[in-house]
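Derivation of every value follows stated rules applied to the coordinates shown; laboratory data play no part. Since the model is a prediction, treat every value here as computed from it, not as a measurement. When we count neighbours, we look across all protein chains shown, and the Cβ atoms used for this are built from the backbone with ideal geometry, even at glycine.
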Amino acid sequence: MLEIRNLHVKLEEEGKQIIKGLDLTINAGEVHAIMGPNGSGKSTLSYVLAGRPGYEVADGSISYKGEDLLEMEADERAAAGVFLAFQYPIEIPGVATMQFLKVALNSQRKARGEGELSTPDFMRLVREKADKLNVTQDMLKRPVNVGFSGGEKKRAEILQMAVLEPSLCVLDETDSGLDIDALRVVADGVNALRSPDRAMLVITHYQRLLDYIVPDKVHVMSAGKIVKSGGKELALELEKEGYAAYAA
């Protein structure tokens with residue numbers, strides 16, 4: 001599904017190198033977690049996968065479903081099934097959540113050569129997904145993320161993921177700012193999307209998220225590269241020992 005080889009990435013404006021020779025392979029059906037201290041390059045990796053401007057790939061390759069991901073624009077990546085859940089979801093005043101979801105879904109369907117969903121079919125789809133994530137009808141009518149609590153923003157973002165059904169889900173510290181109840185709701189939504197045809201990359205500081213979204217593999221990222229990989233027990237080790245042993 002995703003194969004990253006010798007990836008080097010720097011900030012375009014500053015020329016500062018953030019990722020320094022990263023290798024990572026995620027197969028379809030797998031959930032991988034990346035853990036590491038602040039400044040290790042975790043969020044930069046998620047931005048590069050999604051095609052966010054401001055980052056320059058100086059070397060290396062990223063293959064997604066056998067195609068060169070780096071040759072795709074951000075919208076092409078989204079249409080091909082790449083989804084990024086942000087650490088801090090942005091607010092979009094003036095754009096109703098339902099309208100946002102409808103435009104996003106039908107734009108992707110059009111890009112894939114599929115027909116648009118009718119309004120009744122779309123409404124049924126969203127209501128079914130929203131109920132499972134405790135996303136209320138009031139939230140769906142309001143502008144995207146405007147006035148939402150931290151937990152509501154994360155649930156709304158997982159709703160986007162559930163509606164769009166991407167092939168590669170990248171979750172950038174989606175547990176940030178969540179209390180235990182909101183964390184469980186979000187994790188349940190993520191787990192419901194686990195599939196043999198879908199891969200997930202979960203980026204987090206803390207092991208607690210991985211109590212609910214149990215990964216197949218855990219990677220430690222430090223100073224721009226993956227320095228250790230293991231099973232879910234590695235997350236417990238990190239929670240106990242911290243990241244000092246992996247400091248550059």
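Values as computed for the structure displayed
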quantity	calculated
Pair list, Cβ < 7 Å and 6+ apart or interchain, from the range 11-33 residues that are surrounded by 17 or more Cβ atoms within 10 Å (Cβ to Cβ) to residues that are polar (S, T, N, Q)	Ile18/Thr44; Ile19/Thr44; Ala33/Thr204
Enumeration of residues in the range 220-239 that are among the β-branched types (Val, Ile, Thr) and under 21 Å from the mean Cα position of the chain (by Cα)	Val220, Ile226
Near pairs, Cβ below 6 angstrom, 6+ apart or cross-chain, from the range 55-76 (free of Cβ contacts under 8 Å to residues at least 40 places away in the same chain and of a type outside the set (Val, Ile, Thr)) to any residue that is part of a strand (DSSP E or B) and surrounded by fewer than 17 Cβ atoms within 10 Å (Cβ to Cβ)	Leu70/Val57
In the range 58-73, the residues that are exposed (fewer than 15 other Cβ atoms within 10 Å of the Cβ) and not hydroxyl-bearing (Ser, Thr, Tyr)	Ala58, Asp59, Gly66, Glu67, Asp68, Glu71, Glu73
When residues of the range 193-212 are limited to those that are of a type in the set (Lys, Arg) and assigned to a loop (DSSP other than H, G, I, E, B), the one farthest from Glu3 (Cα to Cα)	Arg194
Meets criteria (small (Gly, Ala, Ser) and out of contact with any Lys or Arg (no Cβ under 8 Å at 6 or more places or on another chain)) for Ser61	no
Some residue of the range 210-232 being within 28 Å of Gln108 (Cα to Cα) and among the hydroxyl-bearing types (Ser, Thr, Tyr)	no
Any hit, the range 229-240, residues being part of a loop (DSSP other than H, G, I, E, B) and surrounded by 15 or more Cβ atoms within 10 Å (Cβ to Cβ)	yes
Every pair of residues 6+ apart whose Cβ atoms lie under 6 Å, when the first sits in the range 124-151 and is more than 19 Å from Gln87 (Cβ to Cβ) while the second is hydrophobic (A, V, I, L, M, F, W, C) and in a strand (DSSP E or B)	Pro143/Val95
Count of residues meeting criterion [among the aliphatic types (A, V, I, L, M), assigned to a strand (DSSP E or B) and within 17 Å of Pro166 (Cα to Cα)] in the range 71-99	3
Residues located in the range 100-139, provided they are farther than 24 Å from Leu183 by Cβ and not in a helix (DSSP H, G or I)	Arg112, Gly113, Glu114, Gly115, Glu116, Leu117, Ser118
